Structures are given as structure tokens and as C-alpha cells.
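One structure is given here, and the rest of the page talks about it.
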Amino acid sequence: MKRTHLVLVAALVTSMAGASVLAASPRGPALAPETPSAAELGLDPSHAAAWERLRAESLQLRTSARQDMRERLSQADDILASDAPDLRALSADVDRRLDEYLARSRDLRARKLAFYESLSPAEQASVRDMLRARLDRMQRVRSALAALFFDAH
């Protein structure tokens with residue numbers, strides 16, 4: 001039981017440390033590129049306002065998630081520094097907050113998909129081009145991180 005407890009604590013601390021690096025890291029163009037505006041995507045004016053609302057909501061969700069992560073990490077550090085940390089309560093709180101974020105994220109994604117389906121074929125092609133560029137950028141970042149962490153010996 002003690003060994004399992006230590007492994008769980010180590011896993012929790014490791015995941016929280018990684019999350020803290022991500023939460024506290026600067027957001028430059030390579031890691032968090034700005035979503036193109038409706039004008040940059042060439043969206044019809046009838047779709048522009050809806051796109052801008054979705055962009056704003058995405059940014060707000062991402063910003064609030066990062067802020068919440070910073071606060072949770074600080075609280076987790078305090079809990080882990082105590083003589084009798086309640087790791088079950090900490091784990092339950094992390095799960096609850098993650099579930100809340102995932103629910104909000106899924107709802108937003110469903111509305112983005114509905115928005116995409118309302119676009120003309122030319123507008124859909126423009127959005128797909130933007131998504132392909134993001135996927136390419138994510139692959140480059142993933143490759144750079146893999147090289148940094150796994151090719152460093």
C-alpha cells in the first residue's frame with residue numbers, strides 16, 4: 001500500500017509540475033497562435049459576428065483554464081507541503097475541475113462544428129486551410145519538444 005501511495009504521489013506531482021510549466025509559459029506565436037479573424041478567413045459578413053464570438057469564447061476558456069491551473073498548482077503545493085496531505089481530496093478536486101473544463105470545451109467544440117457546417121463551401125475550405133496550418137504547426141512543436149526531451153542525451 002505504501003509503495004502504491006508513493007507512486008500515486010509521484011505521478012500527481014510530476015503531472016502537476018508539467019502542467020505548471022505549460023500554464024506559466026509565455027504564449028508566443030509558435031505555441032498559441034492567434035486564431036485568424038473573420039476578415040483573414042474571408043468569411044461572409046453574415047458569419048463574421050458569429051466567428052468573432054466563438055473566437056472570444058475560445059480565448060476566454062483558454063485564459064480561465066490557465067489561470068485556474070496556476071491557482072490549483074499553488075494550492076496543491078501547499079497541500080503537499082503539509083504534514084498530512086489529503087491527496088484524495090486533491091485528486092477529486094483536480095478531477096472535478098478537469099471534468100468542468102472538458103464539458104465547457106466539448107460544448108464550445110459542438111458550436112464550432114455547427115458554425116462550420118453553416119458556412120459556404122469556399123468558407124469551409126478557408127477554415128480547413130487554417131486548421132491544416134495549425135496541425136502542421138502543432139506537429140513542428142511536438143517534434144521540437146520530442147527532440148528537446150528525448151534526444152538530449
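The values are calculated or read from the model by the stated rules, or taken from the named source; none is laboratory data. If you're wondering where the values come from, they're calculated on a predicted model, not measured in any experiment. Every residue, glycine among them, receives a Cβ derived from its backbone with ideal geometry; neighbour counts consider all protein chains shown.
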Six or more apart or on different chains, Cβ atoms under 8 Å: show the pairs whose first residue is in region 54-79 and in contact (Cβ under 8 Å) with a residue 40 or more places away in the chain and whose second is outside any helix (DSSP H, G or I) and not charged (D, E, K, R).
Ser58/Thr35
Might you check whether a residue that is small (Gly, Ala, Ser), modelled with pLDDT of 85 or more and surrounded by 14 or more Cβ atoms within 10 Å (Cβ to Cβ) occurs anywhere in region 25-41?
yes
Are any residues in region 99-127 surrounded by fewer than 15 Cβ atoms within 10 Å (Cβ to Cβ) and more than 17 Å from Glu57 (Cα to Cα), and if so, which ones?
Asp99, Glu117, Ser118, Ser120, Pro121, Ala122, Gln124, Ala125
Kindly indicate whether Leu90 is aliphatic (A, V, I, L, M), touching a residue at least 40 places away in the same chain (Cβ under 8 Å) and under 22 Å from Leu41 (Cβ atoms).
no
Which residue out of Ala89, Ala84, Ala114 is out of contact with any Leu (no Cβ under 8 Å at 6 or more places or on another chain) and not in a helix (DSSP H, G or I)?
Ala84
When Arg134 is evaluated against the numbered criteria (1) within 28 Å of Pro45 (Cβ to Cβ); (2) without any contact (Cβ under 8 Å) to a residue 24 or more places away in the chain, which criterion, by number, is the only one it fails?
(2)
